[in-house]
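A.B. asks: Okay, here's the structure, questions in a sec.
Readers should treat all values here as calculations from the given coordinates under stated rules, not as data from a laboratory. Every value quoted in this text rests on a predicted model; they were computed, and no experiment measured them. All Cβ positions, even for glycine, are placed from backbone atoms using ideal geometry, and neighbour counts span all protein chains on display.
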Amino acid sequence: TQLLEQSPQFLSIQEGENLTVYCNSSSVFSSLQWYRQEPGEGPVLLVTVVTGGEVKKLKRLTFQFGDARKDSSLHITAAQPGDTGLYLCAGAEGFGNEKLTFGTGTRLTIIP
Amino acid sequence: SQTIHQWPATLVQPVGSPLSLECTVEGTSNPNLYWYRQAAGRGLQLLFYSVGIGQISSEVPQNLSASRPQDRQFILSSKKLLLSDSGFYLCAWSAGLLTGELFFGEGSRLTVL
């Protein structure tokens, strides 16, 4: 079973600060996704990274896929209260395997 | 555009009672369908997935079962609920692409008393 460990588990910072969330595995994934979830709702896809070393930017959010496709990071610049939520990474085994393995989650709270 | 709905949103059931959660997808055909369970504020555990009508794969041995009677309908059931079945249940679909992006329903909060 492939596992994805996220760190930190909890993060609470002031508005305007920068932060990085990590997603690590000993397994190789064909692609990796990041989701954000609000309380009481389903996760919403933020981004998909496919190529080792790939970097994608979504406004103040920067996503990077590790060169070996075993890890990923999410960096948020100048965090805002609207960034508060549960961030989940999820890896796809690909090659006809239709399952995603989800990470353990990072609960982010931005204090105004 | 595609939409996914699941119901009920909230359910409180006694131990030993049956369960039925339903999920339907609109705007697409032959989707892959998934049931996940989420512990409070944590990651998602895959329970069942289906790549077609009548095709169900179970990921975790448990007190639950799933069925797919129609192409865009996915049902999660139990004959007798346990306390440990409490949780937040999420239905999701994907187009079955190589990257497997998932689109989730609104979730169903189940409390077993």
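A.B. asks: Based on alpha-carbon atoms only, what is the radius of gyration of the protein assembly as shown relative to the globular estimate 2.2 N^0.38 Å?
C.D. replies: Dividing the Cα Rg of the protein assembly as shown by 2.2 N^0.38 Å gives 1.02.
A.B. asks: Which residue fluctuates the most in chain B, going by a Gaussian network model with Cα springs under 10 Å, if the choices are B:LEU76, B:LEU102, B:LEU90?
C.D. replies: So, out of B:LEU76, B:LEU102, B:LEU90, the one fluctuating most is B:LEU102.
A.B. asks: Once you charge only the Cβ atoms, +1 for Lys and Arg and -1 for Asp and Glu, what is the size of the charge dipole of the protein assembly as shown about its Cα centre, to the nearest 20 debye?
C.D. replies: Charge dipole, the protein assembly as shown, about its Cα centre: 200 debye, nearest 20.
A.B. asks: Ok, one more. If the reach is capped at under 20 angstrom between alpha carbons, list the lysines near A:LYS99, excluding any in the same chain fewer than eight residues apart.
C.D. replies: By straight Cα distance, A:LYS99 reaches A:LYS70.
A.B. asks: To continue, here is another question. What's the magnitude of the charge dipole for chain B around its Cα centre, counting Lys and Arg as +1 and Asp and Glu as -1 at the beta-carbon? Answer in Debye, nearest 20.
C.D. replies: Here chain B has a charge dipole of around 300 debye.
A.B. asks: Report Rg (one decimal) and Dmax (nearest whole number) for chain B, counting Cα atoms only, units Å.
C.D. replies: Every Cα atom of chain B included, Rg and Dmax give 13.4, 41 Å.
A.B. asks: Beyond 17 Å, what share of the Cα-Cα pairs of chain A is found? Please give it as a whole percent. Present the calculation step by step, with values, prior to reporting the outcome.
C.D. replies: On the way: 3124 of 6216 pairs.
So the portion of pairs separated by more than 17 Å is 50 percent.
A.B. asks: Sort out for me the Cα centre separation of the stretch A:36-112 from the stretch B:16-32, rounded to whole Å.
C.D. replies: 26
A.B. asks: While we're here: So what is log10(I(q)/I(0)) for the stretch A:47-112 at q = 0.14, 0.19 1/Å, when the Debye sum runs over its Cα atoms only?
C.D. replies: -0.48, -0.82
A.B. asks: Let me ask something else about it. Relative contact order of chain A: what whole-number percent is it, with Cα pairs under 8 angstrom and at least 6 residues apart?
C.D. replies: This gives 36 percent for chain A.
A.B. asks: Related question: Can you pull the mean other chain C-beta count within 10 Å for peptide B:2-9?
C.D. replies: Values: counts 0, 0, 1, 0, 1, 0, 0, 1.
For this peptide, the per-residue mean of nearby foreign Cβ atoms is 0.
A.B. asks: Name the residue farthest towards the positive end of the dipole of the protein assembly as shown from the options B:ILE75, B:ASN63, B:PHE88, assuming +1 on Cβ of Lys and Arg, -1 on Cβ of Asp and Glu, about the Cα centre.
C.D. replies: Working it through, the farthest residue towards the positive pole turns out to be B:ASN63.
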